[in-house]
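Following: one structure in structure tokens, then a few remarks.
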Amino acid sequence: MGSDDSYNFVFKVVLIGESGVGKSNLLSRFTKNEFMHDSRTTIGVEFSTRTVQLDHLTIKAQIWDTAGLERYRAITSAYYRGAVGALLVYDISKHLTYESAERWLKELYDHADPHIVVMLVGNKKDLETLRTVPTEEAKDFADKKGLMFIETSALNSTNVEAAFNEVLTAIHKKVASKEVTRGSISAVTLSGSLGLTRESQEERKGCCKS
Amino acid sequence: MTRLKICYFMRYWIVTFPAEFNLDLGLIQITEEFREVAAQLGSEEHFKLIDISAIPSYDWMRKLTQRKKQAKKGKASLLFDHLEPVELAEHLTFLEFKSIRRISFTDYQSYVIHGCLVENPTLERSIALFNGISQWVQLMVLSKLTPQTRAEVITKYIHVAQKLLHLQNFNTLMAVVGGLSHSSICRLKETHAYLAPEVLKIWNEMTELVSSNNNYSNYRKAFNQCRGFKIPILGVHLKDLIAVHVVFPDWVSDSSMVNLVKMHQLYMTFNELVSLQSVVSQVEPNMDLIYLLTLSLDLYYTEDEIYELSLLREPRNPKSQPTSPTTPNKPLAPLDWASGVTTKPDPSVVNKHIRKLVESVFRNYDHDHDGYISQEDFRSIAANFPFLDSFCVLDKDQ
């Protein structure tokens, strides 16, 4: 992937939530342009990165999908490590998947960076007629917990770009802000010397000095 | 001619995947209807090709427990402290293999299509075993009171992991390494100080091997190079199946042709998993040890409870706490969320295991056959169940 050669930041973002809420669909929608299909299959299907431009910076979003692994505890807890963003996905037509949001949140805060940016995502917006989770209820919950909130449809691509871009922007804001100093968001991995611009080096100084 | 080709194709399917033609009722019915039609339209030859009556029974795959009688082989220690890493690794592999080979193609297919467990007891049990092993590893480490003894247990499990790699059992390897890298263990700084450099080195290598970096590329490379008996990390391949299923459409060219690329991708993974049913395990298990392990792994704790225990062993250093105002408030009330597979143990099953365990213990430790075992032996066996306090108190006199 040529676009990977130069970027200023790599942000690790995890997709969490109950099985069957459409995490993989959201991801494949977002990364469709960089979808890689390895015919040798030894690598498996890899479609988890996308490079986006925010202002004058190039940000590589490394998105980790837990679909299929939700129940393997020892595997999933390792996924959270180093994550600076998370999309907590539920299905607007299945209330149970929304009720479990609090548990996922707790688990996330247990394992991930305390400054992690979290967005509550009500997926399957296209199933409006089957809705069991009112938008307002979810929004109130998100406000109370200090989460971002959006409703999406991976089926018709509604708000998918917006969801990821808002999370990436919020992460970048946190990284750039003065309040986040050393010891937090430590997992934001800057690209090595490769492709580093002057600007990104300044960014790096900004976020790493104590 | 085309009809005959189709019949040969059916034959190939039947011969290659006999279990499905024995277990999948829908498939059996369709095959029989197809055979009827073939009998009406074609010749004897067609009819013979689609015979599924000679397939042996695969009923064992459905049964959740089935145990072979094993000839008693001398006395064996049932103490974790006395067990060699290789013994533990072999017996864990026996349990893993027994559990994983029962998962049929239909079970995998159901998981991929639903994206979750729906009436899928074989897969559910395999996941429960995986989580059970991870928790057991954590609890055994945390059962020790001093950093030094905890480091000894960690060292032992690192060696178990090495042996598991040697046995090419990647699933249990992942469960053990996953347990050791869980926050309840990796936060134990004092304990880590007692680990020998070479142990830390092996630990790092093992962690790297099963790391999710580059979509588990290290693991995939290692797994593909293995020959003979091998057990994959099931979760990784399930994730692959779900990804392929979601990303590719089933049909292409305006729904007129099957998407061969997708089918080929699915086949590669399914084939790997289904072929597990036909491999032979070389492990000769000691059934008493198997009962003991089964019981040890069935005990269920929440992650909160394990983490609390970890905090009790090595309390947090207040200085290392992040103090930024943006720190999200951690929910304080303990949630009764049973993360992962909640296998509330069925009391009758647990009782059965306990009965078997007690029999095993007496067979091995009741040297004079008087129905009593020594206090000393009892205490050391009870140490295998570090958190069964009530069990210890109740039974000490028996």
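The values are calculated or read from the model by the stated rules, or taken from the named source; none is laboratory data. A quick note: this is a predicted structure, and the numbers were derived from the prediction, not measured. Using ideal geometry, Cβ is built from the backbone for each residue, glycine included, and neighbour counts are taken over all protein chains shown.
Taking the stretch B:211-244 only, how many residues are surrounded by 18 or more Cβ atoms within 10 Å (Cβ to Cβ), more than 10 Å from every other protein chain (Cβ to nearest Cβ), out of contact with any strand residue (DSSP E or B) (no Cβ under 6 Å at 6 or more places or on another chain) and aliphatic (A, V, I, L, M)?
Going through the stretch B:211-244 one residue at a time, the tally reaches 0.
Can you name every residue in the stretch A:48-81 that is among the β-branched types (Val, Ile, Thr) and either out of contact with any Phe, Trp or Tyr (no Cβ under 9 Å at 6 or more places or on another chain) or outside any strand (DSSP E or B) (or both)?
If the condition is that a residue be among the β-branched types (Val, Ile, Thr) and either out of contact with any Phe, Trp or Tyr (no Cβ under 9 Å at 6 or more places or on another chain) or outside any strand (DSSP E or B) (or both), then A:Thr49, A:Thr66, A:Ile75, A:Thr76 are the ones that fit.
Sort out which residues of the stretch B:251-260 are surrounded by fewer than 13 Cβ atoms within 10 Å (Cβ to Cβ) and within 13 Å of chain A (Cβ to nearest Cβ), and write them in order of number.
B:Leu260
Given (1) over 15 Å from the mean Cα position of the chain (by Cα); (2) within 14 Å of chain A (Cβ to nearest Cβ); (3) farther than 19 Å from B:Glu303 by Cα; (4) touching a residue at least 24 places away in the same chain (Cβ under 8 Å), where does B:Gln148 come up short, assuming only one miss?
(2)
Of all residues in the stretch B:278-305, which are crowded, with 17+ Cβ neighbours inside 10 Å, in a helix (DSSP H, G or I) and either among the aromatic types (Phe, Trp, Tyr) or within 19 Å of the chain's Cα centre (by Cα) (or both)?
Listed by number, the residues that qualify are B:Met287, B:Leu289, B:Ile290, B:Tyr291, B:Leu292, B:Leu293, B:Thr294, B:Leu295, B:Ser296, B:Leu297, B:Asp298, B:Glu303.
Got a number for residues in the stretch A:117-136 being closer than 20 Å to A:Val175 by Cβ and surrounded by fewer than 24 Cβ atoms within 10 Å (Cβ to Cβ)?
Within the stretch A:117-136, residues that are closer than 20 Å to A:Val175 by Cβ and surrounded by fewer than 24 Cβ atoms within 10 Å (Cβ to Cβ) number 1.
Which ones in the stretch B:113-124 are surrounded by fewer than 21 Cβ atoms within 10 Å (Cβ to Cβ), within 12 Å of another protein chain (Cβ to nearest Cβ) and in a helix (DSSP H, G or I)?
Those that are surrounded by fewer than 21 Cβ atoms within 10 Å (Cβ to Cβ), within 12 Å of another protein chain (Cβ to nearest Cβ) and in a helix (DSSP H, G or I): B:Ile113, B:His114, B:Glu124.
Name the residues in the stretch B:168-210 that are touching a strand residue (DSSP E or B) at 6+ places or on another chain (Cβ under 8 Å) and either away from every other protein chain (no Cβ under 14 Å) or small (Gly, Ala, Ser) (or both), would you?
B:Gln168, B:Asn169
Which one of A:Ser24, A:Ser48, A:Ser6, A:Ser39 is surrounded by 22 or more Cβ atoms within 10 Å (Cβ to Cβ) and at pLDDT below 80?
None of the others qualify; the one that does is A:Ser48.
Is it fair to say B:Gln162 is touching a Gly at 6+ places or on another chain (Cβ under 9 Å), of a type outside the set (Ser, Thr, Tyr) and farther than 19 Å from B:Thr294 by Cα?
no
Report, by residue number, each residue of the stretch B:134-169 that is under 16 Å from B:Val236 (Cβ atoms) and surrounded by 24 or more Cβ atoms within 10 Å (Cβ to Cβ).
B:Ser134, B:Leu164, B:Asn169, listed by residue number.
Does the stretch A:162-185 hold any residues that are under 26 Å from A:Glu151 (Cα atoms) and either modelled with pLDDT under 55 or more than 14 Å from chain B (Cβ to nearest Cβ) (or both), and which are they?
The answer is A:Ala162, A:Ala163, A:Phe164, A:Asn165, A:Glu166, A:Val167, A:Leu168, A:Thr169, A:His172.
Do we have B:Phe248 as within 11 Å of another protein chain (Cβ to nearest Cβ), of a type in the set (Phe, Trp, Tyr) and free of Cβ contacts under 8 Å to residues at least 24 places away in the same chain here?
Numbers: within 11 Å of another protein chain (Cβ to nearest Cβ): yes; of a type in the set (Phe, Trp, Tyr): yes; free of Cβ contacts under 8 Å to residues at least 24 places away in the same chain: yes.
When the stated conditions are applied, B:Phe248 passes them.
Need a quick list: helices (runs of 4 or more DSSP H) entirely within the stretch B:125-235 having at least 3 residues that are more than 30 Å from B:Asn271 (Cα to Cα).
Because the criterion is at least 3 residues that are more than 30 Å from B:Asn271 (Cα to Cα), the helices (runs of 4 or more DSSP H) in the stretch B:125-235 that meet it are B:147-166, B:183-186, B:189-192, B:197-209.
Go through (1) farther than 28 Å from B:Tyr108 by Cβ; (2) in a loop (DSSP other than H, G, I, E, B) one by one and return the number of the condition B:Glu308 breaks.
(2)
Which of (1) surrounded by 17 or more Cβ atoms within 10 Å (Cβ to Cβ); (2) closer than 30 Å to B:Glu90 by Cα is the odd one out, the single condition B:Gln265 does not satisfy?
(2)
Before we move on, is B:Ala54 closer than 27 Å to B:Arg101 by Cβ and loosely packed, with under 13 Cβ neighbours inside 10 Å?
On the way: closer than 27 Å to B:Arg101 by Cβ: yes; loosely packed, with under 13 Cβ neighbours inside 10 Å: yes.
Against the criterion (closer than 27 Å to B:Arg101 by Cβ and loosely packed, with under 13 Cβ neighbours inside 10 Å), B:Ala54 qualifies.
Would it be correct to say that B:Thr31 is loosely packed, with under 10 Cβ neighbours inside 10 Å and over 30 Å from B:Leu95 (Cβ atoms)?
no
I'm checking my understanding of the structure. Among residues of the stretch A:82-128 that are over 24 Å from A:Asn165 (Cβ atoms) and part of a loop (DSSP other than H, G, I, E, B), which one is farthest from the other protein chains (Cβ to nearest Cβ)?
Step by step, filter the stretch A:82-128, then rank; the result is A:Ser93.
Among (1) in contact with a strand residue (DSSP E or B) (Cβ under 6 Å, 6 or more places away or on another chain); (2) over 30 Å from B:Ala19 (Cα atoms); (3) not small (Gly, Ala, Ser), which single condition is B:Gln135 missing?
(1)
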